[in-house]
Amino acid sequence: MSFRAKIILALVIMNAVFLTVITGTTLQFFAHNGYERLRAHARTDARLFASAAVTGILTHDVGGLQAVVDEILTNPDIGFVRVLDRSGRVLAQGGARQALARPFHEGTMRRSGRSRYFEVDQPVIVAGIRYGTVELGLSVRPLRHRLAEGRLRMTTVALVELLLALLFAFYFGSYLGRRLKVLEDAASKVGEGQLGYQVMVRGRDEISRTLRAFNAMSLRLREASDERQRQDGALKELAATLERRVAQRTQELADANQALQKLALHDPLTGLPNRALFEQELGRLLMESRRTQECFAVMILDLNGFKAINDSRGHDAGDRLLRAVGQRLQGAVRASDVVARFGGDEFALLLPALRGGGAAIAVIAEKVARAVAQPLALGLENVEISASIGVAVFPEDGVDMLLLIRRADAAMYWAKRHAAGFQVYDPMIDVQAAEPDAMPPHERRIHAAMANGEFLLHYQPIVSLIDGAVVAVEALARWEDPERGLISPADFMPTIERSRLMTEFTLHVLDRALDDRVLWAADHPSLPIAINISALDLQDDGFVQRVRDRLAQAGPARLVFELTEGALVSNPDQAAWVMEALRDAGIPAALDDYGTGYASIAYLRTLPFDRVKIDRSLIAVIDTNVNEREIVRAIIDVCHCLGYGVVAEGVEHDGLQETLRALHCDYAQGYGIARPMPAAALCDWLAWRAPAGARDEVSLE
């Protein structure tokens with residue numbers, strides 16, 4: 001049913017009910033009022049008739065009474081009349097026979113045949129004595145005619161009113177239906193996407209106001225849609241901009257990573273591979289050659305007289321000479337050979353797929369020596385320089401990376417001492433080199449320094465970034481030469497690492513650290529000491545037992561051994577075995593200087609570390625370089641996922657500490673916390689720091 005039909009039906013029903021109630025109430029009122037008037041009229045007529053009949057009643061003049069009765073009956077509204085004496089005997093009567101034949105009931109309305117009468121009586125009293133009664137029946141026909149006429153008029157009025165209500169309902173319903181249809185159509189248009197659609201509005205009634213509100217709403221929807229489209233466009237543009245920036249930053253990060261990787265694996269002066277990349281290539285070639293049993297050679301080359309040229313002509317001239325030597329070496333060997341610079345004036349060559357044995361090695365060595373010996377113009381003069389070359393061959397001279405490098409290095413030093421040009425490794429070289437007098441001068445000097453106790457240790461604290469507690473101290477070697485004073489590790493450690501003194505030096509540092517810890521053992525018995533070990537230490541099968549022996553002699557001590565990334569590349573299996581053995585002895589291991597480029601995540605997953613130390617080169621720039629900060633964040637997250645604690649090296653100021661805390665780094669060390677200090681100064685520093693809440697019982701393990 002339509003809305004218009006509902007309105008019409010509702011209004012008609014309401015008017016019908018209202019008119020029915022009003023008409024019924026009015027007719028009932030009229031009927032009641034008519035009957036009251038009829039009763040009053042009947043009593044009045046009865047009194048008048050009683051007054052007229054007094055004389056006849058008193059005289060019992062029946063004829064006179066009958067005449068009065070007949071005269072009264074001439075009134076058509078009077079249906080019957082009866083006159084009774086005192087005893088109730090009828091003296092005169094007339095009118096409707098049926099009404100006279102039945103008993104009289106005063107004050108009631110009774111039907112007699114086809115007529116109805118209202119019956120009243122009036123006593124005839126004279127001097128207070130009742131002499132008779134007059135009974136009269138007044139016809140109700142006139143009253144009924146008047147009521148019927150009133151009913152007809154009321155019905156006519158009600159019907160007219162109902163018709164008018166019907167017409168009004170039809171008009172009003174049609175009006176509402178049309179306006180609502182307009183609103184429905186407009187809502188449909190908006191629903192179909194015609195935002196801002198407007199309807200024609202006339203008038204000021206509620207429907208018109210509703211339509212105007214709809215128009216306003218439609219306009220607001222269009223404005224909101226336009227604004228949303230503008231925002232969507234802005235978001236798309238922003239997303240495109242962010243995508244371009246992410247792509248740009250990703251490319252910059254990839255370029256930076258590539259540059260870092262190249263910097264980590266190449267010598268910045270000559271552009272040649274450095275020792276790390278050389279050892280990677282040597283390790284890969286070892287795995288292939290163990291399978292194919294193909295021969296290859298490792299050649300170590302050291303320039304003769306380079307120091308004199310560098311000192312006399314300056315470092316610029318020395319750098320030009322080193323770059324020229326690198327280019328000449330590359331031109332003297334095959335494209336498949338690897339030419340690397342180990343540092344200083346020392347170069348290394350890797351010669352795979354070597355055929356021809358010693359004769360081929362001699363040819364290559366002579367070719368390399370001739371290339372190096374060509375005169376080089378430095379300023380206004382030509383400079384001539386020569387090289388000492390040592391060679392070790394796989395598998396005759398060794399099947400292990402470090403062993404091949406060490407024996408090629410030993411052959412090179414033999415060639416330099418004997419001015420032989422080049423020398424292939426021979427076991428007699430190690431026999432002769434075992435004597436101190438047979439060592440190179442710089443090795444003999446370091447050996448004597450250890451014997452004379454010239455090496456001492458400085459200790460740098462490692463603290464928790466959470467509460468500042470001291471969790472360990474790292475032992476750092478210093479050389480106090482009687483003639484030259486304090487010598488930096490950068491000046492003597494490369495020589496030790498390339499010599500046969502490495503393991504002896506590591507054990508010497510361990511002995512000195514165990515002696516120094518007596519100074520603070522009473523107040524800080526649980527403070528671990530971190531000691532650096534090298535790749536040569538890992539290759540020494542007796543290293544673990546020698547460490548155990550020293551701990552047994554010195555008493556209980558907490559140690560942590562730190563290994564650089566380069567120490568893992570040479571022989572990961574041997575490194576894993578030594579680290580497990582040390583862990584069984586209660587000495588955990590830490591990966592030192594992580595992030596310099598040649599240790600992969602695979603080492604973190606497979607080797608038994610307890611913590612990882614991020615190299616200072618990454619930490620130093622995390623406040624200013626977003627890419628480096630994200631790299632450090634990634635390293636920390638990976639280490640935490642693998643269950644390792646993380647130490648940041650090179651923390652120089654408080655700002656770095658705050659940044660590292662935000663990256664959830666665990667520990668830190670650096671000049672911003674404390675510089676390396678002698679053992680006695682460390683005791684004072686620990687005593688000063690203890691009130692601030694440092695707890696050396698906290699451990700990195």
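The values are calculated or read from the model by the stated rules, or taken from the named source; none is laboratory data. Just so it is clear, the model here is predicted, and its values are computed rather than measured. Note that we place each Cβ from the backbone using ideal geometry, even for glycine, and neighbour counts take in every protein chain shown. Ligands, DNA and RNA are stripped out before the accessible areas are found, and what is left, the full protein with its side chains, is counted by its heavy atoms. Shrake-Rupley method; radii C 1.70, N 1.55, O 1.52, S 1.80 Å.
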Just tell me which aspartates and glutamates come within less than 17 Å, Cα to Cα, of Lys236; anything on the same chain fewer than 8 places away is out.
Asp226, Glu227
Calculated FRET efficiency, Asn452 and Trp577, Cβ-Cβ r, R0 35 Å, to nearest 0.05?
0.50
Largest first, what is the accessible-area ranking of His315, His266 with a 1.4 Å probe?
His315, His266
Can you tell me the length gained on complete extension of the stretch Ala681 to His664, counting 0.36 nm per residue apart and subtracting the Cα distance?
3.1 nm
Val21 paired with Asp85, simple spin-label distance in nm, labels 7 Å along Cα-to-beta-carbon:
6.1
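Taking the DSSP beta bridges in the chain as the whole, what percent of them are antiparallel, to the nearest 5? It would help to have the intermediate numbers written out before the result.
Details: 66 of 89 bridges.
Taking every DSSP beta bridge within the chain, about 75 percent pair in antiparallel fashion.
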Region 10-24 scanned against label point 7 Å out from Tyr171 along Cα→C-beta; backbone N under 16 Å for 11-12
Could you order Glu36, Glu381 by accessible surface area, starting with the largest, using a probe radius of 1.4 Å?
Glu381, Glu36
Using per-residue counts of other Cβ atoms within 10 Å, averaged over each peptide, order 143-150, 555-562 from highest down.
555-562, 143-150
With every protein chain in place, the accessible area of Lys236 for a 1.4 Å probe, in Å² rounded to the nearest 10, comes to 150
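Want the number for Glu652 to Val54: 0.36 nm per residue separation, take away the alpha-carbon distance, what's left?
Length gained between Glu652 and Val54: 200.6 nm.
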Dipole of the chain, Cα-centred, from +1 at each Lys and Arg C-beta and -1 at each Asp and Glu C-beta, to the nearest 20 debye?
8260
Trypsin sites (Lys or Arg not before Pro) restricted to region 60-91 and DSSP loop, no more than 11 other C-beta within 10 Å:
Arg89
If a paramagnetic tag sat 7 Å from the Cα of Leu269 along the Cα-Cβ line, which residues of region 320-362 would have the backbone N under 18 Å from that point?
320-330, 339-349
So what does Arg478 come to for accessible area, using a 1.4 Å probe and Å² rounded to 10?
40
Under a plain spin-label model, where a point goes 7 Å from the Cα along Cα-to-Cβ, how far apart in nm are Arg228 and Gln258?
4.5
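Sequence gap at least 6, Cα distance under 8 Å: using those rules, report the relative contact order of region 143-252 to the nearest whole percent.
Dividing the mean separation by the residue count of region 143-252 yields 17 percent.
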Using mean projected area of the Cα convex hull in nm² as the read-out, say which of (1) 40.1; (2) 72.3; (3) 36.5 was calculated from these coordinates.
(2)
In debye to the nearest 20, how big a dipole does region 14-112 give about its Cα centre with +1 on each Lys and Arg Cβ and -1 on each Asp and Glu Cβ?
340
With unit charges on the beta carbon (Lys/Arg positive, Asp/Glu negative), name the residue among Leu329, Leu604, Ser386 whose Cα is farthest towards the positive pole of the charge dipole of the chain.
Leu604
Give the calculated FRET efficiency between Ala522 and Arg444 to the nearest 0.05, with a Förster radius of 30 Å applied to their Cβ-Cβ distance.
0.15
Would you calculate the separation in nanometres between label points at Val182 and Ile466, each defined as 7 Å from the Cα along the Cα-to-beta-carbon direction?
7.5
How high is the relative contact order of the chain, given as a whole-number percent (alpha carbon pairs under 8 Å, six or more residues apart)?
8
Using only helices, what value at 222 nm comes out for the chain when you add -39,500 (n - 2.57) per DSSP H run of length 4 or more and divide by the total residues, to the nearest 500 deg cm²/dmol?
-18500 deg cm²/dmol
Mind ordering 289-301, 383-395, 351-363 by average Cβ neighbours within 10 Å, highest first?
383-395, 289-301, 351-363
Rounded to 0.05, the calculated FRET efficiency for the beta carbons of Ala101 and Gln66 at R₀ = 22 Å is 0.75
At q = 0.14, 0.16, 0.23, 0.24 Å⁻¹, what is the log10 ratio I(q)/I(0) for region 32-100, with the Debye formula run over Cα points and no solvent?
-0.44, -0.56, -1.03, -1.09
Tell me which of Ser218, Leu195, Thr156 sits at the most positive position along the dipole axis of region 156-227, charges placed on C-beta atoms (Lys, Arg +1; Asp, Glu -1).
Thr156
Computed over region 327-418, the relative contact order (Cα-Cα under 8 Å, seq sep at least six) in percent reads 19
Extension gain (nm, one decimal) between Gln545 and Lys189, 0.36 nm per residue minus Cα-Cα
119.1 nm
Can you give the accessible area of Trp685, probe radius 1.4 Å, in Å² rounded to 10?
40
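At 1.4 Å probe size, put Met412, Met677, Met428, Met109 in order of accessible surface, largest to smallest.
Heavy-atom accessible area, descending, gives Met428, Met109, Met677, Met412.
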